[in-house]
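Okay, structure first, notes after.
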Amino acid sequence: MNTNIMIVGVGGQGTLLASRILGNCVLGEGYDVKVSEVHGMSQRGGSVVTYLKYGEKVYSPIIGKGEADVILAFEQLEALRALPYLKKGGKIIVNTQKIDPMPVITGAASYPEGILDTLEENADLTAVDAMDLASRAGNIKAVNVVLIGILAKTSEIPYEKWVETIRSTVPEKFLDVNLKAFDLGYSI
Amino acid sequence: MKKLMLGNAAIAQGAYEAGVRLVSSYPGTPSTEITENIVKYDEIFVEWAPNEKVAAEVAIGASIAGGRAMSCCKHVGLNVMADPVFTVSYIGSNGGLVFCVADDPGMHSSQNEQDSRHYAKAAKILMLEPSDSSECKEFTKIAYELSEKYDTPAFIRLSTRVSHSQSLVEIGTRANDEIKDYKKDIPKHVMMPAMAVKRHVLVEERTQKLIEYAENCPLNTIEDNGSKIGVITAGISYMYAKEALGDSVNYLKLGMVYPLPEKLIKDFAAKCDKVFVIEELDPFIEEHCNNIGVKVCGKKNFTLLGEYTPEMIAKVVLNKDGAERYELQSDIPARPPVLCPGCPHRATFYVLKKLGLTVSGDIGCYTLGAAAPLQSVDTTICMGASVSAAHGMAKIRGEEFNKKLVSVIGDSTFMHSGITGLVDIVYNKGANTVIILDNSITGMTGHQDNPTTGKTIRGEATKQTNLISLCKAVGVERVVVCDPFDVKAFEAVVKEETAADEPSVIIAQRPCALLKSVKYEGKCKIDQDKCKKCKKCMSIGCPAISVHDGTVSIDPSQCNGCGLCISICPFDAIVKE
Ligand SMILES: Cc1ncc(C[n+]2csc(CCOP(=O)(O)OP(=O)(O)O)c2C)c(N)n1
């Protein structure tokens, strides 16, 4: 059975780095791995979705509706948008940050109320203010690594392996902040 | 050693291992990272050309000169490179010649959903289609062998999910990259009628030979699972089919999608009660099956639109429903892409909207000027069309209309194909105003250098096209440079230039907010005591500015401090922190 992880967020939030760390981490465990990313237009502040699948043999790089074991969401509305992809009883880790999309800013739509309640009712939910933790680690941009830390805690892959992967994936100059961010997430 | 690699990076690795000597491309999602990854290999000459036609011709020249060469583009880029491509089909190759073209089913980042396989058939050029990163690398190497063996260029067709998915690739070493001899060979290399007539005969013979190859080639594989249902498929659709149907059906996976085999398909189908063709976009394989008298289920059961999914395939072939899931209420707000906080294009569109101008648009980040709330752009067709289409509009609707009409075009797009439209305007007595949105980079496709940036793809300093001299040289006498963030001055310039009775160019100059060199001091903040809640600042569509319970606020995690909101606030209620 493959493990299916979806990473969702808003273009510019650093979802690609999260998927890179995850991909490299499971790769070392001897699995077949596929990661599907979105580049180009939708990266400009739009919804971004990354699929990560690993197991004995992975064919489609895409995760279908009702098939994700875990959804790692960088923003509330994007978590809700991804909810149909979650397996029954699957896990959602969500950053509680809200970012208004343009239709909300222009007043054409309103930001849905009670998203966390909906997520709670339909998933095994962990909701965290990852931005706060990231700023405690020293940089609000480290939200992605905080969330990876939370995910890491629930995985079978040992702590050391995650740290080693972060060391080899993140640029030297941001390493300290990212390791701190990872630990803050991991110790939740 | 196995590495997790993007399909595009694997193509680059394949090119490296195949001993490729030159790669010339123009960026375009989802093909861009092939060429960007070539930069890793010092042995290969790599460049961004000003457009796809030039890129293809550079690669053709390299091939004729004896080196293995490559040119990469997105599906619509193939339209631009089509002219040399159709004729190099007759010339063939000396050093192996490969064109990689990436389609975008679902239009994640494109203006149409065309299917490149038609080009392979129309230009009579073989086309391979990998389905994951490992095949990307292997097929690239095979493409070079076929190109040289059959004296033909070769296409590799990709799609978004192959180009932008990472999977495992076995890394190999570089083959012999010695260049072949160059011999003057007029009958082969000079395509004028007398020569081309003879070459065409060879092209048709070549296609027959390639069909024979297709019947037995290792790229076209059968997986017999003892089922009575058969699936004929290629590329990413094969992966979707395997995911959905597993070992419950037989597969004919076509690694070469042009030319297609006849006997192989007939023999495969003969063993099945029912055969499905699973292919995204057009019924290319399906029509071939129809032509050779093999009955298949195809587009009637699936769709011509967008991407396929394993769920869709399981439903059609096995009548199996997807997994249980939560259903969304339909009213959750979409999150379309937007101009970034600090984007210089925002200021330009703010002014154009304010002046009520008709805006002949083009392709780039600035296409987003058509989105709410700015909604300034009137048309978008293809790269370069903003300039030429405005000329047509002005000729139909006359002088008064033209005084309320501008073209907007990015620096990269202007160099790609905007300049020819400008030549047309000058030559044919137009009086249009063209605004070049010079943000010092090719933004939309993720920051590639271009002839106006003064840097090569390897980041080396080079001569820089001077846009002012260029526009003057084609005969535009009114050329003005202005910073769109200087809103008042910019507005005055636009008014003056549109009023002129001759062609004019405004170079709206301000670097892309995402460039590392761009830093604005401090973030913007609303002074709530001064704010009259007029919401004028909301009219520029900055994603950092929002209203909650009637209070306007600026999200510091998004604001980059560009200050555009400060300069348009009528009450001086926005300040730097
Ligand atoms: C023929 C063709 N080639 C490539 C593309 C992909 N593409 C879309 S916009 C663009 C360039 C945008 O750069 P620029 O004009 O400088 O505007 P910016 O995005 O920086 O505002 C490219 C390469 C395309 N749409 N059509």
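The values are calculated or read from the model by the stated rules, or taken from the named source; none is laboratory data. Just so it is clear, the structure is predicted and the values come from calculations on it, not from any experiment. No Cβ is skipped: glycine too gets one built from the backbone with ideal geometry, and neighbour counts run over all protein chains shown. Areas reflect the complete protein model, heavy atoms only, side chains present, ligands, DNA and RNA absent. Shrake-Rupley method; radii C 1.70, N 1.55, O 1.52, S 1.80 Å.
Here's the yes/no breakdown for (1) open to solvent by less than 30 Å² (accessible area, probe 1.4 Å); (2) under 22 Å from A:Ala108 (Cα atoms):
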site: B:Gly298; (1), (2): yes, no
site: B:Thr309; (1), (2): no, no
site: B:Ala314; (1), (2): yes, no
site: B:Arg346; (1), (2): yes, yes
site: B:Asp362; (1), (2): yes, no
site: B:Leu368; (1), (2): yes, yes
Only residues that are open to solvent by less than 40 Å² (accessible area, probe 1.4 Å) and in contact (Cβ under 8 Å) with a residue 40 or more places away in the chain: list them for region A:162-176, please.
A:Trp162, A:Thr165, A:Ile166, A:Thr169, A:Val170
Can you tell me which residue in region B:395-413 is farthest from the ligand (Cβ to nearest atom), limited to those that are out of contact with any Cys (no Cβ under 9 Å at 6 or more places or on another chain) and within 22 Å of B:Ser469 (Cα to Cα)?
B:Val406
Considering only region B:151-162, I want to know if a residue exists there that is within 14 Å of chain A (Cβ to nearest Cβ) and in a loop (DSSP other than H, G, I, E, B).
no
Looking at (1) part of a loop (DSSP other than H, G, I, E, B); (2) more than 9 Å from chain A (Cβ to nearest Cβ); (3) not hydrophobic (A, V, I, L, M, F, W, C), find the lone condition where B:Arg325 falls short.
(2)
For region B:100-114, which positions are open to solvent by 10 Å² or more (accessible area, probe 1.4 Å) and more than 14 Å from the ligand (Cβ to nearest atom)?
B:Gly106
Taking region B:416-474, which residues are touching a strand residue (DSSP E or B) at 6+ places or on another chain (Cβ under 6 Å), free of Cβ contacts under 8 Å to residues at least 60 places away in the same chain, farther than 29 Å from B:Val39 by Cα and within 16 Å of the ligand (Cβ to nearest atom)?
B:Cys471
State yes or no: is B:Tyr258 closer than 19 Å to B:Ala214 by Cβ and within 12 Å of chain A (Cβ to nearest Cβ)?
no
Any chance region B:343-360 includes a residue that's hydroxyl-bearing (Ser, Thr, Tyr), modelled with pLDDT of 95 or more, away from the ligand (no atom under 16 Å from the Cβ) and out of contact with any Phe, Trp or Tyr (no Cβ under 7 Å at 6 or more places or on another chain)?
yes
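Just one of B:Ala508, B:Ala489, B:Ala573, B:Ala544 is within 17 Å of A:Asp100 (Cβ to Cβ) and either in contact (Cβ under 8 Å) with a residue 12 or more places away in the chain or assigned by TED's automatic domain parsing to the domain that holds B:Tyr366 (or both); which is it?
Just one listed residue meets the conditions, B:Ala544.
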Being under 28 Å from the mean Cα position of the chain (by Cα) and either away from the ligand (no atom under 16 Å from the Cβ) or closer than 30 Å to A:Ala123 by Cα (or both) is true for just one of B:Gly364, B:Gly392. Which residue is that?
B:Gly392
Have a look at B:Asn290, B:Asn301 and point out the one that is away from the ligand (no atom under 16 Å from the Cβ), modelled with pLDDT of 95 or more, not in a loop (DSSP other than H, G, I, E, B) and not assigned by TED's automatic domain parsing to the domain that holds B:His447.
B:Asn290
Please return the ranges of helices (runs of 4 or more DSSP H) entirely within region B:1-94 where 3 or more residues are at pLDDT 95 or above, surrounded by 22 or more Cβ atoms within 10 Å (Cβ to Cβ) and away from chain A (no Cβ under 14 Å).
B:7-17, B:52-64, B:75-91
Just to be sure I understand, how many residues within region B:430-451 are of a type in the set (S, T, N, Q), part of a loop (DSSP other than H, G, I, E, B) and open to solvent by 10 Å² or more (accessible area, probe 1.4 Å)?
4
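Just to be sure, is B:Asp331 open to solvent by 40 Å² or more (accessible area, probe 1.4 Å), in a loop (DSSP other than H, G, I, E, B) and within 14 Å of another protein chain (Cβ to nearest Cβ)?
Taking the combined requirement at face value, the residue satisfies it.
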Going through A:Asp124, A:Asp132 one at a time, which residue ends up being touching a residue at least 24 places away in the same chain (Cβ under 8 Å) and surrounded by fewer than 18 Cβ atoms within 10 Å (Cβ to Cβ)?
A:Asp124
For region A:59-70, give me the residue count where each residue is within 11 Å of another protein chain (Cβ to nearest Cβ) and either in a strand (DSSP E or B) or without any contact (Cβ under 8 Å) to a residue 40 or more places away in the chain (or both).
8
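Results for (1) open to solvent by 60 Å² or more (accessible area, probe 1.4 Å); (2) touching a strand residue (DSSP E or B) at 6+ places or on another chain (Cβ under 7 Å), shown as yes or no for each residue.
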site	(1), (2)
B:Val481	yes, yes
B:Pro484	no, yes
B:Glu496	yes, no
B:Arg510	no, no
B:Lys530	yes, no
B:Cys534	yes, no
B:Cys569	no, no
B:Ala573	no, yes
B:Glu577	yes, yes
